[in-house]
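Report on one structure; see the data block that follows.
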Amino acid sequence: TATNPGVGSGLTNTADIADYATSSPFTSYYRQFNGRMDANVSAKDHLAFAIYWVPQGNSSYNGGSRAYDFFHHDQINEALSGIWNHTFGPTWLNEARVNAAGWRWNEITGNPQSPVGLPQDFVNQIGNIGIGQFGSSLGSIYDQWTYTYKDVATKVIAAHTIKFGGEYTDLHYLNDPINRPSYRFYDVWDFLNDAPYQENGGFNSVTGAPGGNRSDERENLLGFFVQDDWKATPTLTLHAGLRYSYFGPLYSKQNNLPVVQFGAGSAMFTGLSIRLG
């Protein structure tokens, strides 16, 4: 055994390169909670509230047993609704409804042990041993909500049952791209000499930083309707209705969505470019 290993005094009994096989424990949880509350607040008013809440997640080791190989995912799906039924009279009823439904996670804040700011390195071979990645798994951020407001009135006039109302839906999407560069090396010597044969990654075209522009995207949907059920005879009912629907374009609060600009004339495709707007 050398007294000063690695400085020309011979070999030691400690391997400089080793291949480890590790187990990959995996845990997960799935829960679901439902609740509803109803109240007759007056002879003409009925209120109701319902909630649907589903948290779930999992934890695992990706590629090894190092601290940064640990990866955790938590997400929540939920839906909330409120209903108000009001009776104006024996022939006139109104129902107002509001809904909110969401689905979200944040794997960046959920994994504080993960060195997201460091690049990933891939080494193809160390001798005859194939090596995977050096670096943690890269998480993502997701947040989507749907808000809906709806009001429907029902009026009975003789043999006619008339319904009319409207609905408004507001869609919220979070697009927050997380990225970092990755480097590939032929072997460990290229890795030690910082000589990758390939580099890639997603970068912000304005700042040059890894990742893209955050975009809080929105879309609005709108609709109105009126319909009439006419009981013309005891055995014949005629139904007529009219609806107007508006599907708004996708836009972002930051006004930074990539928009395709076609080229002029015969350069329609060869002159294609992309602008933010």
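Screening the range 81-97 for residues that are of a type in the set (A, V, I, L, M, F, W, C) and surrounded by 15 or more Cβ atoms within 10 Å (Cβ to Cβ) and picking the one that is farthest from Ser140 (Cα to Cα) gives Leu93.
Pairs linking a residue in the range 80-98 that is farther than 20 Å from Thr146 by Cα to a residue that is of a type in the set (Asp, Glu), with Cβ atoms under 6 Å and 6 or more positions apart or on different chains, are Asn85/Glu95; His86/Asp45.
With respect to the conditions (1) out of contact with any Phe, Trp or Tyr (no Cβ under 7 Å at 6 or more places or on another chain); (2) open to solvent by 50 Å² or more (accessible area, probe 1.4 Å); (3) over 30 Å from Thr146 (Cα atoms); (4) at pLDDT 90 or above, Phe247 falls short on a single one, namely (3). Taking the range 52-75 as the range and being farther than 13 Å from Asn111 by Cβ, in contact with a strand residue (DSSP E or B) (Cβ under 9 Å, 6 or more places away or on another chain) and either loosely packed, with under 15 Cβ neighbours inside 10 Å or among the small types (Gly, Ala, Ser) (or both) as the test, the residues that pass are Trp53, Pro55, Gly63. Sort through Tyr183, Tyr197, Tyr173, Tyr168 and tell me the only one that's under 19 Å from Gly117 (Cα atoms) and either open to solvent by less than 50 Å² (accessible area, probe 1.4 Å) or aromatic (Phe, Trp, Tyr) (or both). After ruling out the rest, the residue left standing is Tyr183.
Restricting to the range 99-120, name every residue that is in a loop (DSSP other than H, G, I, E, B) and touching a residue at least 60 places away in the same chain (Cβ under 8 Å).
Ile108, Val116, Gly117, Leu118, Pro119, listed by residue number.
Restricting the search to strands (runs of 3 or more DSSP E) fully inside the range 186-277 and requiring at least 2 residues that are in contact (Cβ under 8 Å) with a residue 24 or more places away in the chain and basic (Lys, Arg) gives 215-233.
The values are calculated or read from the model by the stated rules, or taken from the named source; none is laboratory data. All of these numbers come straight from a predicted model, not from anything done at the bench. Reconstructed Cβ throughout: ideal geometry from the backbone, glycine too, with neighbour counts over all protein chains shown. Just so you know, the surface numbers come from the protein's heavy atoms only, side chains and all, with ligands and any DNA or RNA stripped out. Shrake-Rupley method; radii C 1.70, N 1.55, O 1.52, S 1.80 Å.
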